[in-house]
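The values are calculated or read from the model by the stated rules, or taken from the named source; none is laboratory data. These numbers come from a predicted model, not from an experiment. Neighbour counts are summed over all protein chains in view; Cβ atoms, including those assigned to glycine, are modelled from backbone coordinates with ideal geometry. For accessibility, only protein heavy atoms count, side chains too; no ligands or nucleic acids. Shrake-Rupley method; radii C 1.70, N 1.55, O 1.52, S 1.80 Å.
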Amino acid sequence: MWRADVFTLFPEMFPGPLGISLAGDALQRGLWQLAAHDIRDQGIGRHRTVDDTPSGGGPGMVMRADVLAASLDASLQKDDPRLRLVMSPRGKPLTQARARSLAAAQGIVVVCGRFEGIDERVIVARGLEEVSIGDYVLSGGELAAMVLIDACVRLLPGVMGKEASGQDESFEDGLLEYPHYTKPRTFEGHDIPSVLLSGDHAKVEAWRRAEALRITQERRPELLKASKEAKKS
Ligand code: SAH
């Protein structure tokens, strides 16, 4: 079963939003597993210290390599085949394609940073791969880990209502999604586009495709360029 093991200084933040709605129902139905490990369990001394001042000076604190390594080693099997990820604004940006490939694996191990970050040596020594959720800085890796896990979990078999409902979403074919409508037929003087009420599936498909192209061209032209280049190669 797909399983996420999260290493954090704030295990009480989990499952948090992952315990609700789509991901939470799936968790309850046993479609995936979540474990949050408290890095502080391996903290040093009476105060269970997990951080110290940055070598070379500068503001803030850095998470200790020995403490994080001990935490990982205490809770993971040596032959655990899962990728070990660490949330970091320096990492490779998360994409829908990455979420799909992680969802297809047996699960993930995710380390959440706090303070200024994590001693580089443990990132290297435990083969942690840095993953970013975007070009901005959060105060900790927990929300980022939840974003990553949520993106994976909704793609697991059986989690979404219809097996197909992940297929025509934003990014799946290099396009942003077409606009959605539902009842009432008229809202504040605005009607649902008539093609959607025509019952002509081919016309609906064509309209949705055109709208997806238009919206992607307007908002994210670089996605179109990237998908054209991907098709060429
Ligand atoms: N000093 C670091 C930022 C530390 S923020 C730097 O300048 O790169 C504290 C922690 O929050 C990080 O260790 C990381 O785990 C998490 N974090 C912050 N922004 C993130 C982002 N965009 N993506 C993923 N994790 C992030």
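Of note:
- The GluC sites (Glu not before Pro) of region 71-157 that DSSP puts in a loop, and whose beta carbon has at most 16 other beta carbons within 10 Å, are 116.
- Summary: within the chain, the longest segment free of trypsin sites (Lys or Arg not before Pro) located in DSSP loops with at most 11 other C-beta atoms within 10 Å is 79-161.
- Phi-based couplings in Hz for region 92-101 (Karplus 6.51, -1.76, 1.60; Gly and Pro marked x): 5, x, 5, 10, 4, 5, 5, 4, 4, 6
- 200, 51, 5, 25, reordered so the largest accessible area comes first (probe 1.4 Å): 25, 200, 51, 5
- Tilt relative to the chain, helix 65-75 - C-alpha long axis, 0 to 90 degrees, to 10: 70 degrees
- Solvent exposure of region 1-116, expressed per residue, is 53 Å² of accessible area, with all protein chains present and a 1.4 angstrom probe.
- Residues of region 190-217 with amide N under 12 Å of the 7 Å Cα→Cβ point at residue 173: 205-213
- Amide H contacts of residue 3 (H built 1.01 Å from N, in plane; Pro and chain starts excluded): 33, 107, 108 sit under 5 Å, all sequence-distant by 5 or more or on other chains.
- Size of electric dipole in the chain: Cβ of Lys, Arg +1 and of Asp, Glu -1, about Cα centre, debye, nearest 20: 420 debye
- Percent accessible area from carbon and sulfur atoms, the chain, protein chains only, probe 1.4 Å: 53 percent
- Pairs of Cα atoms nearer than 8 Å and 6+ residues apart set the relative contact order; for the chain it is 19 percent.
- Simple label model, 7 Å out from Cα along Cβ direction - residue 44 to residue 106, nm: 3.3 nm
- Across the protein chains, with a 1.4 Å probe defining accessible surface, the residues 27, 128 rank 27, 128 from largest area downward.
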